[in-house]
Amino acid sequence: MWVGRAKVPGMKLAVEAEGLVKQYQGRSGTVDAVRGVDLSVEAGEVFGFLGPNGAGKSTTIKMLTTLMSITAGTARVADLDVTAEPQAVRRRIGVALQEAGLDARQTGRELLILQARLFGASKHDARARATELLELVDLVEAGDRRIKGYSGGMKRRLDLASALVHEPDVLFLDEPTTGLDPASRLTVWDEVRRINELGTTVFLTTQYLEEADQLCDRIAIIDDGLIVREGTPRRLKEDLRERHGLDAEPTLDDVFLDATGRTRERAAGEVQEVTV
Amino acid sequence: MTALQQANVLGGRALRDSLRTPEAIVPTLFIPMFFLVVNFGQAGRIFTSDSTGFLFGQSYAAFTLPSSLLLAASFGTAALFLIEDIEGGYFDKLRAAPVARTSLVFGWLLAEAVKSAVITVALVLLSLPFGISIASGPLGLVLLIALTAAWAVVFAGFMQLIALKTRSAAATNSGGLIFFPLLFLTPNFVPRDLLTRPMEIAATFNPVTYVMEALRSLILRDFEWVAVSRGFAVVAVLGVVMLVLNVRLIRRYD
Ligand SMILES: Nc1ncnc2c1ncn2[C@@H]1O[C@H](COP(=O)(O)OP(=O)(O)O)[C@@H](O)[C@H]1O
Ligand SMILES: [Mg+2]
């Protein structure tokens, strides 16, 4: 059996970003997607990155995972500089982006085997690891069918599994449950918890505040490219209660709306983008 | 895992996917065969083997076969598969893996090479009834296959640049139309010295001319090393340029 790498001994900060900036140069001018973000995520945490659509969550994840150049600022992941040592960073992280990145012509098993091979496993070990992961995400039966026929939830779970082939130190999940039915969402939550218990730091973005409340040790709220709140869900709720002198405990929804300057009425009127 | 092994693993996947998409392979066999039949059917009586010196005793079909081989090798299907990877997000998954960027370039291109080799063999077999033989023998046939497949990789590699730059299937498809000037500003109907002056100049600057002449010499003559090595040299130089540009684009891909 293939044994994944040991977790980095003594890794304290899983993610450390200072003054992170991303500008997109488009035909219609420059877009300031991320405007100076500082982050620090400790090893072993489940960290939630919240924000409305277009706030800059995906852009931040892409910079942290070496998929996109950093306009200004620095980022370290698993104690490695993302710009200076992208290849070493890639060995230590797992990534599942907002749009599940799968190849519909392969079967689930083939995709996982290929992924394990790219991370250096031998043929034999890659096969064993694929079987293990198919069990983990409950896709054993579907494993030898083409991905083309998978449901949205199955694709998400397979994408999650493919981010785990090499037992990463830090796992990045961009909106892992958006567009899933409630049952599949709970399955993903369970998996995230299990992965975290095994020692992997999880950095996830979500639009669902309940999800952040349930899963995350600490959260940051980003709005229009800037971090507007950061702390444990509990701390953030208490802060809001004290500031506004509320009697009842506010929900994370209230914290979010307060932080992003949205009222309940305005937020309700916004169309939510759902990506499967 | 070395970069070579990674490229091999990615190439295997690309080949498997290609085989699962037969609708993308059929035209690459059918259309070049169609051109061979039409060209031979129209000009076969003008250029007969006993009265035409540049045929070296073979039929006109043998003379025009390289055009068909190069046409088959200039579909650039690899770039369209790459676009699908990009649009579906799978390309990001591969980019996030600790894989040498050169290996990423080669994934679909290796499948293109294998596919091109198989199609070249098929086209040569299909053209045997037209009285074609490979004058340079078995080794010549191997070189013929290798050179055609290498051209397929180079052409698909340049289309891949358009795919990486534009990330648009429409733009990549349009870019592929460059094969018209590339394949027709060549001595494809008659040898270079029989072309009109403007055509001869255009053909001289067109790198495909030298690949075509190399293939043709392998079919019609015993080894003419100058023509053959010139063909390989052109493909090698273009190949290096293609590879360097691809790696640069993938490194800077945002
Ligand atoms: N490739 C791109 N080119 C130009 N602008 C982009 C691009 N990707 C995202 N943006 C813009 O950057 C901002 C942040 O986007 P994103 O990071 O996707 O937000 P989120 O993931 O929080 O919804 C948005 O205004 C979006 O329109
Ligand atoms: Mg997003």
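The values are calculated or read from the model by the stated rules, or taken from the named source; none is laboratory data. What you see is a predicted model; the values in this text were computed from it and never measured. Cβ placement follows ideal geometry from the backbone for every residue including glycine, while neighbour counts extend to all protein chains displayed.
Computed quantities for the displayed model
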{"item": "Enumeration of residues in the range A:36-73 that are away from ligand 1 (no atom under 13 Å from the Cβ) and of a type in the set (A, V, I, L, M, F, W, C)", "result": "A:39, A:41, A:43, A:46, A:47, A:70, A:72"}
{"item": "Residues that are at the interface with chain A (Cβ under 10 Å from one of its Cβ atoms) and within 19 Å of the chain's Cα centre (by Cα), drawn from the range B:68-111", "result": "B:81"}
{"item": "Options A:118, A:97, A:111; residue that is within 30 Å of residue A:149 (Cβ to Cβ), more than 16 Å from ligand 2 (Cβ to nearest atom) and in contact with an Asp or Glu (Cβ under 7 Å, 6 or more places away or on another chain)", "result": "A:111"}
{"item": "Tabulated pairs, the range A:161-175, first at positive phi, second within 16 Å of ligand 2 (Cβ to nearest atom) and in a loop (DSSP other than H, G, I, E, B), C-beta under 6 angstrom, 6+ apart or interchain", "result": "A:175/A:98"}
{"item": "Matching residues, the range A:237-255, being closer than 17 Å to residue A:51 by Cα and not aliphatic (A, V, I, L, M)", "result": "A:237, A:251, A:253, A:254"}
{"item": "Which listed residue, of A:84, A:96, is over 20 Å from the mean Cα position of the chain (by Cα), among the hydrophobic types (A, V, I, L, M, F, W, C) and either within 14 Å of chain B (Cβ to nearest Cβ) or closer than 27 Å to residue A:11 by Cβ (or both)", "result": "A:84"}
{"item": "Qualifying positions in the range B:44-62 - in a helix (DSSP H, G or I) and modelled with pLDDT under 85", "result": "B:53, B:55"}
{"item": "Residue within the range A:12-23 that is more than 9 Å from ligand 1 (Cβ to nearest atom), surrounded by 15 or more Cβ atoms within 10 Å (Cβ to Cβ) and on the phi > 0 side of the Ramachandran plot present", "result": "no"}
{"item": "Residue satisfying all of: in the range A:108-136; surrounded by fewer than 20 Cβ atoms within 10 Å (Cβ to Cβ) and not charged (D, E, K, R); nearest to the other protein chains (Cβ to nearest Cβ) among these", "result": "A:120"}
{"item": "Output for the range A:195-238, where each listed residue is touching a residue at least 12 places away in the same chain (Cβ under 8 Å) and assigned to a helix (DSSP H, G or I)", "result": "A:195, A:196, A:209, A:210, A:211, A:212, A:213, A:214, A:215, A:233, A:236, A:237"}
{"item": "Within the range A:137-170, tally of residues that are aliphatic (A, V, I, L, M), within 10 Å of chain B (Cβ to nearest Cβ) and within 16 Å of residue A:189 (Cα to Cα)", "result": "1"}
{"item": "Residue list for the range B:72-104, restricted to those being outside any helix (DSSP H, G or I) and within 18 Å of residue B:175 (Cβ to Cβ)", "result": "B:73, B:74, B:75, B:76"}
{"item": "Positions within the range B:89-103 being basic (Lys, Arg) and modelled with pLDDT of 95 or more, in sequence order", "result": "B:93, B:95"}
{"item": "Selection count, the range A:167-187, where residues are surrounded by 23 or more Cβ atoms within 10 Å (Cβ to Cβ) and either more than 24 Å from residue A:17 (Cα to Cα) or among the polar types (S, T, N, Q) (or both)", "result": "1"}
{"item": "Residue under evaluation residue B:162, criteria (1) crowded, with 23+ Cβ neighbours inside 10 Å; (2) under 19 Å from residue B:106 (Cα atoms), criterion not met", "result": "(1)"}
{"item": "Residues being among the small types (Gly, Ala, Ser), surrounded by 15 or more Cβ atoms within 10 Å (Cβ to Cβ) and more than 14 Å from chain A (Cβ to nearest Cβ) - total across the range B:1-45", "result": "2"}
{"item": "The range B:210-233, residues that are β-branched (Val, Ile, Thr) and surrounded by 23 or more Cβ atoms within 10 Å (Cβ to Cβ)", "result": "B:211, B:219"}
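Residues checked against (1) under 18 Å from the mean Cα position of the chain (by Cα); (2) more than 14 Å from chain A (Cβ to nearest Cβ):
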residue: B:187; (1), (2): yes, yes
residue: B:220; (1), (2): no, yes
residue: B:231; (1), (2): yes, yes
residue: B:235; (1), (2): yes, yes
residue: B:241; (1), (2): yes, yes
residue: B:254; (1), (2): no, no
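Condition check ((1) more than 16 Å from the chain's Cα centre (by Cα); (2) within 14 Å of chain B (Cβ to nearest Cβ); (3) among the charged types (D, E, K, R)) across all residues:
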{"residue": "A:48", "(1), (2), (3)": "no, no, no"}
{"residue": "A:69", "(1), (2), (3)": "yes, yes, no"}
{"residue": "A:88", "(1), (2), (3)": "yes, yes, no"}
{"residue": "A:100", "(1), (2), (3)": "no, yes, no"}
